[in-house]
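The values are calculated or read from the model by the stated rules, or taken from the named source; none is laboratory data. This is a predicted model, so every value here is computed, not measured. In this analysis, Cβ positions are derived from the backbone assuming ideal geometry, glycine residues included, and neighbour counts consider all displayed protein chains.
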Amino acid sequence: MRGAVLDFASIRGHESPHRIKSSTLVKLQNSRRGFKITSFRVKEIDCIPLLAQARCLIELDCSACWDLQDCSLLQDCQRIQTLDLSDCRGLQSVAGLQSLPDLYQLDLSKCSAITDQALKELPGCQRLKTLLLRSCPLIQDVTPLTQCPELRVLDLTHCTALEDAAPLAHAKNLQLLNLNLTNVSSVSNLASCPRLQTLSAARCSISDLDSLILSKSLRGLFISDACPEEIVTMLRDAGLSVSMVEGDDEALLVQSLSQKVWSF
């Protein structure tokens, strides 16, 4: 088995990687049989320091790990590229993630304790390309994210405290932005975001959608079906692909945007 990828879901007696205990991981790690762990889901935080020795670990799922309060335990997992911390309700700080040089995708969705202070800790993640912050109710200021030099995809869906997206005009590599169900009321500054290609602003009370005709990069726009017809016509005449989102179309919108996220 030396050099093979170890699939925890296939270990006899364990139907799901969710159920692997830290004691099992220790036994496997101490085994004389060589193995590679490339992907793992953590349900106990005491597993995390052990995984630091898994030199081939590139995907780590800590979702719903409610005891996790900061990322200090993760800073030795040097090869991680994709990290899922969604629904970690006790997570307040992401300090330590800047120690992961290959991290390019981070999911902090439903981390209800994440605040603007945590966002100030992200610019150290120099290779971060995809950041999911869905349903983070305390986020108000996204200015620190403009200092993430490689950020291409940003999902702020249902960040209800967010009222101002103007700072993102300075996110020089941002290509896809999701503002659905936020309290953002103006997108005029986003017209100058140099590489923004897709913007979703459904279920928002945007007063100046017509300003987006000045964008030199925007190609796709998702908006609520309540948008006045003359505005929609103006946007389409400017060459934008405008998709109208009805209440029943929300699931389709999420699916469509998810496909776009993975294409960047």
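When residues of the stretch 168-186 are filtered for being aliphatic (A, V, I, L, M), under 9 Å from A201 (Cα atoms) and either in contact with a strand residue (DSSP E or B) (Cβ under 6 Å, 6 or more places away or on another chain) or surrounded by fewer than 24 Cβ atoms within 10 Å (Cβ to Cβ) (or both), how many remain?
3
Test of understanding: among A4, A64, A95, which residue is modelled with pLDDT of 55 or more and on the phi < 0 side of the Ramachandran plot?
None of the others qualify; the one that does is A95.
Among the listed residues S215, S211, S205, which satisfies the condition of being within 20 Å of A166 (Cα to Cα) and buried (at least 18 other Cβ atoms within 10 Å of the Cβ)?
S215
When only residues in the stretch 192-230 that are outside any loop (DSSP other than H, G, I, E, B) and farther than 19 Å from T182 by Cβ count, which is nearest to the chain's Cα centre (by Cα)?
S192
I'm told E246 meets every condition in (1) surrounded by 14 or more Cβ atoms within 10 Å (Cβ to Cβ); (2) under 22 Å from R134 (Cβ atoms) except one. Can you identify the failing condition by its number?
Here E246 clears every test but (1).
Name the strands (runs of 3 or more DSSP E) wholly within the stretch 49-167 that hold at least 2 residues that are within 28 Å of V184 (Cβ to Cβ) and not small (G, A, S)?
82-84, 105-107, 130-132, 153-155
Within the stretch 98-121, which residues are within 14 Å of the chain's Cα centre (by Cα), surrounded by fewer than 22 Cβ atoms within 10 Å (Cβ to Cβ) and over 23 Å from L181 (Cα atoms)?
Within the stretch 98-121, just Y104 meets the criteria.
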